[in-house]
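Reading through the structure tokens given below for one structure.
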Amino acid sequence: MECDEVMLTVRITAGEHLLLRRLAQGHRSDVSEVVADALLDIIPTLSAPGDAYRLLGALATPAPCALTVWLPTALADLLAPGAARIAQVTDVRVESASAALGAALRLWLAQDPVRLAANLSVMHAGRSSAAALAAA
């Protein structure tokens with residue numbers, strides 16, 4: 001039996017968790033959907049070698065809260081090549097897809113909250129337009 005979603009647990013701070021919940025509430029979605037959107041938003045910006053070191057920095061910073069999220073399998077499959085790229089650039093192996101996701105999420109949440117909300121609005125507007133076209 002195939003599953004089209006993967007469950008991952010990430011580590012974030014209490015402040016990051018609160019911001020994530022607020023963003024989800026503001027866009028009438030669940031936290032997992034916002035995490036998926038965050039990953040789609042941040043992955044294209046992480047191509048330079050300096051970005052790999054920023055991800056390692058996010059991994060090194062303590063994060064006491066565990067958060068379990070569901071990601072579409074196709075999106076979760078992007079985490080392994082991302083972790084491999086980090087290892088290639090830095091010679092440091094990222095221990096798991098959850099760790100890579102947590103680091104990417106923390107980098108995304110470190111941006112200006114107003115910008116994050118605006119990016120989510122754009123992403124959600126595109127989805128509702130696609131849904132309306134599919135229904136027509």
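The values are calculated or read from the model by the stated rules, or taken from the named source; none is laboratory data. Computed from a predicted structure; not experimentally measured. So basically every Cβ, Gly included, is an ideal-geometry build from the backbone, and we count neighbours across all protein chains shown. Areas reflect the complete protein model, heavy atoms only, side chains present, ligands, DNA and RNA absent. Shrake-Rupley method; radii C 1.70, N 1.55, O 1.52, S 1.80 Å.
The figures follow:
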read-out	value
Identity of the residue in segment 34-86, of a type outside the set (A, V, I, L, M), touching a strand residue (DSSP E or B) at 6+ places or on another chain (Cβ under 7 Å) and under 17 Å from Ile12 (Cβ atoms), that ends up most open to solvent (accessible area, probe 1.4 Å)	Trp70
Output for segment 2-33, where each listed residue is surrounded by 12 or more Cβ atoms within 10 Å (Cβ to Cβ), modelled with pLDDT of 90 or more and in a loop (DSSP other than H, G, I, E, B)	Thr13, Asp30
Residue satisfying all of: in segment 41-99; within 15 Å of the chain's Cα centre (by Cα) and among the hydroxyl-bearing types (Ser, Thr, Tyr); nearest to Ser121 (Cα to Cα) among these	Thr45
Flag for Asp77 being among the charged types (D, E, K, R) and touching a residue at least 24 places away in the same chain (Cβ under 8 Å)	no
Residues (of a type in the set (Val, Ile, Thr), under 21 Å from Ile12 (Cβ atoms) and in contact (Cβ under 8 Å) with a residue 24 or more places away in the chain) located in segment 87-127	Val92, Val94
Residue count for segment 34-50, restricted to those that are in a loop (DSSP other than H, G, I, E, B) and either touching a residue at least 24 places away in the same chain (Cβ under 8 Å) or among the charged types (D, E, K, R) (or both)	1
